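Below: one structure, written as structure tokens.
The values are calculated or read from the model by the stated rules, or taken from the named source; none is laboratory data. Here the structure is a predicted model, which is why all the values come from computation and not from measurement. Glycine gets a Cβ as well: all are built from the backbone with ideal geometry, and neighbour counts include every protein chain shown.
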Amino acid sequence: MKKRLVILLCVLLSFGAFAQKFDLAKTPPMGWNSWNKFGCKVNEKVVMKVADAMVSSGMQAAGYEYIVIDDCWQISRDKDGEIVVDKTRFPHGIKYLADYIHSKGLKFGIYTCAGTKTCAGRPGALGHEYQDARTYARWGVDYLKEDWCNTTTQDAKSSYTNMRDALFTAGRPIVLSLCEWGSNKPWEWAGPVGHLWRTTGDIRDSWDSMIHIVDLEKDLSKYAGPGHWNDPDMLEVGNGGMTIEEDKTHFSMWCMLAAPLMAGNDLENMSKETMGILTNANLIAVDQDSLGKQAICAREVAGYEIWIKPLVKEGKAVCLLNRSDEEKTVHIDFNYLLTENGDYWHKDKYELKDYYITDLWENIEAKMDKSGLSTVKIPPHSVKVYSFIKK
Ligand code: GAL
């Protein structure tokens, strides 16, 4: 009898953990993370200014909510094992910052590492998971990114599961972002563990790095869905290593991939173009679509690809990607785009007349002739993105 009760309690607890897990990231998380722009030079002032800019730039209104401090906020542990904040960078401590961020209607995220030390050599979480989780809950943390440096022989699944359970026990709903760079194929096991998992090594602020990451996502669509997302890493939009066209392509592909949208630029000093890309409502709606499907690559020929992302209510988004170094003239048959789903044709099921078809970057109805044909020029490293929404 006692045994049965214990089993029932365990089932209820894990169901509670699962229900909480599912609710926290029904659509891909959106926010900002300090690493890509500031690295270890992050500090209290930077984070507060970014929080201000997230509100004043319209990013909050566009859906961005998490402000995440990455590596280098921690310096040591005290005699009781409590994590000690780097006071030169964060003189008022972390709770102060969390309170400030919350006062703006935003949410607060922080970084740790599953190993003995973080990647920048700061104290890691190993052996302190429950203690740290309690501290995070006390500070008001809403999002935890957990890295994978200095883990030697640790098992990834059990290490991350341990942190998941520690967070659940701490009693505050906290999004768990796994960052083990895809090395242990987290997409195969992390669905019940975290809300998002990195699929690759670190992004760099260049076209080659960004497009290489896109290639690595090609077989992963089936693993993403509400509450559990593939994470191709944080955005480099606005950091200067790519042209505006390339930044638009980067953002478009992340939205097609139903990727978490974590801006990685200096929000306080961004250009109008960068802000326009990051807050594009049409593209964000594709990313945040409640069906939660990640796009598949339906065609690839000589530097030209067609990506298709199913949307709710029999809608879809289509991205025509010119990844070559030359302009491409593309003859589009919208009938084909509507009926092709990557794995099979719905030849007679859908008809163009039943859909609103929008060119998402131009924000206009897509142009085509009566038979649904059109010719467009796509510049090098650029995209055309369309949505098909049922009337
Ligand atoms: C890497 C991680 C980066 C960043 C960095 C901090 O392992 O992939 O996103 O968090 O560590 O040291």
**Message:** Among the residues of the range 79-90, are any surrounded by fewer than 18 Cβ atoms within 10 Å (Cβ to Cβ) and among the β-branched types (V, I, T)?
**Reply:** yes
**Prompt:** Is at least one residue of the range 69-79 within 15 Å of the ligand (Cβ to nearest atom) and touching a Pro at 6+ places or on another chain (Cβ under 8 Å)?
**Reply:** yes
**Prompt:** Which residues, taken from the range 188-209, are buried (at least 22 other Cβ atoms within 10 Å of the Cβ) and outside any loop (DSSP other than H, G, I, E, B)?
**Reply:** L196, W197, R198
**Request:** From G121, G105, G115, grab the single residue that is out of contact with any Ser or Thr (no Cβ under 8 Å at 6 or more places or on another chain), within 16 Å of the ligand (Cβ to nearest atom) and small (G, A, S).
**Result:** G121
**Message:** Against the conditions (1) of a type outside the set (S, T, N, Q); (2) in a loop (DSSP other than H, G, I, E, B); (3) closer than 19 Å to D287 by Cβ, where does M54 fall short? Just the number, please.
**Reply:** (2)
**Prompt:** Is at least one residue of the range 137-152 out of contact with any Lys or Arg (no Cβ under 6 Å at 6 or more places or on another chain), within 16 Å of the ligand (Cβ to nearest atom) and part of a helix (DSSP H, G or I)?
**Reply:** no
**Prompt:** Within the range 271-282, is there a residue that is assigned by TED's automatic domain parsing to the domain that holds W32, crowded, with 24+ Cβ neighbours inside 10 Å, within 16 Å of the ligand (Cβ to nearest atom) and not aromatic (F, W, Y)?
**Reply:** no
**Complete:** Here the qualifying pairs (Cβ atoms under 6 Å; residues six or more apart or on different chains; first in the range 93-111 and in the same structural domain as C40 (by TED's automatic domain parsing) and farther than 22 Å from E129 by Cα; second surrounded by fewer than 23 Cβ atoms within 10 Å (Cβ to Cβ) and at pLDDT below 95) come out as none
**Item:** Odd one out for I378 among (1) over 28 Å from P226 (Cα atoms); (2) surrounded by fewer than 16 Cβ atoms within 10 Å (Cβ to Cβ)
**Value:** (2)
**Message:** Considering only the range 48-63, I want to know if a residue exists there that is within 16 Å of the ligand (Cβ to nearest atom), touching a strand residue (DSSP E or B) at 6+ places or on another chain (Cβ under 9 Å) and either charged (D, E, K, R) or over 21 Å from W148 (Cα atoms) (or both).
**Reply:** no
**Asked** Taking the range 317-351, which residues are touching a helix residue (DSSP H, G or I) at 6+ places or on another chain (Cβ under 9 Å), part of a strand (DSSP E or B) and modelled with pLDDT of 90 or more?
**Response** A317, V318, C319, L320, L321, N322
